[in-house]
Amino acid sequence: MTDDDYRVWHPWTRMGEFARERPRLPVIVRASGSTLHAVDGRQYLDACAGMWNVNLGHGRADVVEAIAGALRELTFLPNIGLPSPPASRLAAALLRLAPEHVSRVMFHSTGTAAVESAVLLCRQFFRMTGQPRRTGVIALERGYHGCSLLGSALSGYPEDARWLGPLPAGVRHVPAPDGEAAARASAAALRRLLDAEGETIAALVFEPIMALAGVIVPPAWWVEEVLALCRARGVKVIADEVVTGVGRSGAWLACPDPRVDVFVLGKGLSGGYVPLAATLIGEALFEPFSRADGVEFKSGSTMDGCPAACAAGLAVLAAIEAEGLVERAARVGDGLRARLSQGLAGVESVAAIRGRGLMIGVSLRGFDGAMLNALMHRFAEAGVLMHPAYGAELAIMPPLTITEAEAERLADACVAVLRAARGSDATASRGPAAVSRR
Ligand code: PLP
């Protein structure tokens, strides 16, 4: 194929750099488990489980068969206005794992749409219950919630407004709870905001562990305080568990307080086999919709909750339970983090290693964009396919099925690459993805 024949425009990718680098990038043509196979025969450990979603690993016959079976039996059934047995089965399976007050499940096709739907749901709830002024949303600086216009407004990255703005008004941000002092500042800012504008706020959206920001685990007291503040002001709380949910954090749900109004799941829910996301909704939010004649929830897309997606979700949940992958994520994640911490102790360019379960953040110091890209090439040369998170952060999130031996190999490769990393990398050619984020 000549360069002129390559016409894919990759999102979140600096296409100028990508065009220059493309000849050096691995061309992955096959994958199984945690291993990616390139066209030239090279193999790579998948340090990011695709895009933090291939939680069961690649090429699982059980999931593939479940999807194929569903497609053969019932290619498509609209999820709008008709009972859907596949959606009903997956909803029941999800509700068994959810806190007791959660009673409804809505399906979506992307995490972006699911978060947006949760926000719209809260807004319509307040319209229907006589509080039409509640339209505002609070989110965290450096939180990521998707790429729609509202998703970009919710995500706390000023560059989005610079390039895409003006973004929808009515979204306010408070600092990320990145450490004890920042968490105190975050809670204080939220309190001030709610004191001043609480009656116009519909919802707060947050990631229980902030993935793209570099795997920031807020102190447990911060979550308690934020939920208490929101409850006291009648503000609904949406936990964006698109990355953390369904086991990746070493728990089914990462939020330490179950009393949130909507949990959003995505990514790992289908293990990356087909597009699937879900919102798990508390009964209190559903109640006015159950009573109202002549009003439906004004959102939803054609493919949401299609039979093949629901079959994938059911197969993934069954495998996670049968194989104890939630506990495994906690155990293997602890081991991987400990091995990284030990191997990288005293390395000047590593500022912090943090995380929970198989979400591990390595915070780098003194790396600019070009150096980071060069570092991605070093990882590839060491047999590891890695994508950077935002800024100088690595987010290591392999499949939950990664074997202990593979996890050790991954840790040792990361240690070797990061120990050898030098500022001179900045002058080397740039890294595999030229990815600006995600
Ligand atoms: N929420 C979080 C926390 C995410 O990390 C992402 C994607 O990375 C999204 C929402 C958006 O999900 P999707 O890319 O499926 O639209």
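Every number in this text was worked out from the coordinates using simple rules, so none of it is lab data. All figures in this text were calculated on a predicted structure; none of them were measured in a lab. So basically every Cβ, Gly included, is an ideal-geometry build from the backbone, and we count neighbours across all protein chains shown.
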Quiz item: How large is Rg over Rh for region 1-66, taking Rg from the Cα atoms and Rh as the Kirkwood inverse mean of 1/r across Cα pairs?
Solution: 1.03
Practice problem: Any chance you could list P(r) for region 245-347, counting all Cα-Cα pairs in 5 angstrom bins from zero, rounded to whole %? | Solution: 2, 11, 14, 17, 16, 15, 10, 6, 4, 2, 2, 1, 0
Practice problem: Measure nothing fancy, just the Cα-based angle from helix 220-232's long axis to the longest principal axis of the chain, in degrees from 0 to 90, nearest 10. | Solution: 30 degrees
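How many percent of all Cα-Cα pairs in the chain sit more than 42 Å apart?
For the chain, the fraction of Cα-Cα distances above 42 Å is 13 percent.
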Quiz item: Using a simple spin-label model with points 7 Å from Cα along the Cα→Cβ vector, what separation in nm is obtained for E199 and E404?
Solution: 6.0 nm
Practice problem: Kindly state, as a whole number, the per residue volume in cubic angstrom of the convex hull around the alpha carbon atoms of region 80-237. | Solution: 139 Å³
Self-check item: More than 15 angstrom apart: percent of Cα pairs within region 319-362
Solution: 46 percent
Quiz prompt | Kirkwood-Stokes translational diffusion coefficient of region 86-129, alpha-carbon pairs, 20 °C, 1.002 mPa s, µm²/s | solution = 181 µm²/s
Exercise. Give the share of C-alpha pairs in each 10 angstrom bin for region 94-172, from 0 to the last occupied bin, in whole percents, shortest bins first.
Key: 17, 41, 33, 9, 0
Quiz item: Hey, if you drop one equal point scatterer on each alpha-carbon of region 153-200 and run the Debye formula without solvent, what base-10 log of I(q)/I(0) do you get at q = 0.16, 0.27, 0.29, 0.32 Å⁻¹?
Solution: -0.55, -0.97, -1.00, -1.06
Quiz item: Once both axes come from the Cα atoms, what is the angle between helix 325-344 and the longest principal axis of the chain, in degrees from 0 to 90, rounded to 10?
Solution: 40 degrees
